[in-house]
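To start, the structure under review is shown below, and the notes come after it.
The values are calculated or read from the model by the stated rules, or taken from the named source; none is laboratory data. All figures in this text were calculated on a predicted structure; none of them were measured in a lab. In this analysis, Cβ positions are derived from the backbone assuming ideal geometry, glycine residues included, and neighbour counts consider all displayed protein chains. Surface areas here come from the heavy atoms of the whole protein model, side chains and all, with no ligands, DNA or RNA. Shrake-Rupley method; radii C 1.70, N 1.55, O 1.52, S 1.80 Å.
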Amino acid sequence: MQRIILIGNYQPDKQESMERFAQMLDKGFYKAGYHSEIWRPATIFGKLTKNTSSGLGKWMGYIDKYLIYPIALRIKLQKLNITSGNICFHICDHSNSIYLKHLPKKISSITCHDVLAMRGAMGFEDAKVPASAFGKILQRWILNGLKKANKLATVSAHTLKQLKELAPDINETEQDVRVIYNGFNDTFSVKHKATTKVLLSKAGLGYKTPYILHVGSDLQRKNRKLLVDMISLMKNSWSGYVYFAGKPIDDKLKAYATSLGVAEQIVSIVDPDHQTLEALYADAEAFIFPSFSEGFGWPLIEAQACGTPVITSDIEPMMEVTGGKAFYADPNKPAAYVKAFFALKDQTLRAEVVAAGSTNTERFGASEMINAYIDLFGWTTKTTGTNVN
């Protein structure tokens, strides 16, 4: 049986989206008839600290990831028969590109999800991702690894464009470089209002309605502040709520909402389970995603699949991923988002946007993504049209 070895992330780093991506590849390859497994750096020094995201803990993680794991990887490779032609390696996260030099070049590939941290490290302010002194060194290290990849996938044409701007010496005639869109990593579908009400009440949300929804982290580039500005501008004409699903609202945003007199209209839903998240999408008046920078933007297609109109930034890759089937506005102008939101009061227009969004999501089937990766590996797909959700 053909064997796919996925290189996953260091678990203490809690890179949730990258873990979802690795797991969906693993399950997808298995369901398509391949032997798939995930290798990842062991937690050794990382066990000595509470977290590996800052301070001394970050350096403990670096030892595990960058000093110990390359050695462990080479030892594991020595035990494999890699001359039979039935094995390949795929690094799931571009931040681990440094492992490429320890893997057999001709049968190894990598996915680049975004170049935001690399751009931030090189002084591009639009990335909204600041970097420390060592972070700048690390990001250049990551970029150099990507430059040498034999097979490289990016999750959007926009990400590929930005990568080539940073690394113009990437040679597409000698390297296999292609765009492979992310597929859905779970089921997302339209839900009846009665169903969503039950699910949200069960989740203890109190079912405050109507609401607009944002899904994501509290990173600066996610631009949560704009949604607070939106409801402040609408407080005399709309009495709904803003639901922030994902990481908790930080104290700075809470204070800002209080200063505008809209703190009571802010609802924080910390890391909802999938069933609750699906209900949140389906019941929202609109999904607002005013991000300053993304590599792909899973929440965009998740909202569309749940029958919710999307209002997002008028920059790439948001327009690429939504297929032009959303409302677009300048992420620096909350008034433009308010205008788009009120335009959705036209039920005919709303229905058109929802229907077009649903059609757009057909491009992102998980089986199509899996088959595209099999093709990247240079293998013939064993199945087509398999539902791997």
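Brief remarks on what is shown
- When ILE212, ILE170 are checked against the criterion of being of a type in the set (A, V, I, L, M, F, W, C) and closer than 22 Å to THR312 by Cα, ILE212 stands alone in meeting it.
- Selection within region 24-62 - buried (at least 16 other Cβ atoms within 10 Å of the Cβ), of a type in the set (A, V, I, L, M, F, W, C) and part of a helix (DSSP H, G or I): MET24, LEU25, PHE29, PHE45, MET60
- Only one of the numbered conditions (1) closer than 30 Å to GLN175 by Cα; (2) in contact with a Gly (Cβ under 8 Å, 6 or more places away or on another chain); (3) open to solvent by 10 Å² or more (accessible area, probe 1.4 Å) is not met by VAL321, and that is (3).
- Residue list for region 157-169, restricted to those being in a loop (DSSP other than H, G, I, E, B) and in contact (Cβ under 8 Å) with a residue 24 or more places away in the chain: ALA167
- When LYS197 is tested against (1) in a helix (DSSP H, G or I); (2) in contact with a strand residue (DSSP E or B) (Cβ under 7 Å, 6 or more places away or on another chain); (3) open to solvent by 70 Å² or more (accessible area, probe 1.4 Å), just one condition goes unmet, and that condition is (2).
- Residue satisfying all of: in region 136-156; of a type in the set (Val, Ile, Thr) and either within 12 Å of ALA167 (Cα to Cα) or not in a loop (DSSP other than H, G, I, E, B) (or both); most open to solvent (accessible area, probe 1.4 Å) among these: ILE137
- Picking from residues in region 287-310 that are part of a loop (DSSP other than H, G, I, E, B) and of a type in the set (Gly, Ala, Ser), the one that is farthest from GLY120 (Cα to Cα) is GLY307.
- Pair list, Cβ under 9 Å, 6 or more apart: region 353-365 residue part of a helix (DSSP H, G or I), other residue hydroxyl-bearing (Ser, Thr, Tyr) and open to solvent by 40 Å² or more (accessible area, probe 1.4 Å): ARG363/TYR181; PHE364/TYR181
- Being under 30 Å from LYS105 (Cα atoms), in a loop (DSSP other than H, G, I, E, B) and of a type in the set (Phe, Trp, Tyr) holds for only one residue in PHE184, PHE188, and it is PHE184.
- Residues in region 328-339 that are without any contact (Cβ under 8 Å) to a residue 40 or more places away in the chain and either open to solvent by less than 50 Å² (accessible area, probe 1.4 Å) or touching a Ser or Thr at 6+ places or on another chain (Cβ under 7 Å) (or both): TYR328, ALA329, ASP330, ALA336.
- Test: residue in region 1-22 that is over 25 Å from the mean Cα position of the chain (by Cα) and open to solvent by 50 Å² or more (accessible area, probe 1.4 Å): yes
- Being part of a loop (DSSP other than H, G, I, E, B) and within 16 Å of GLU165 (Cα to Cα) is a property that GLY123 has.
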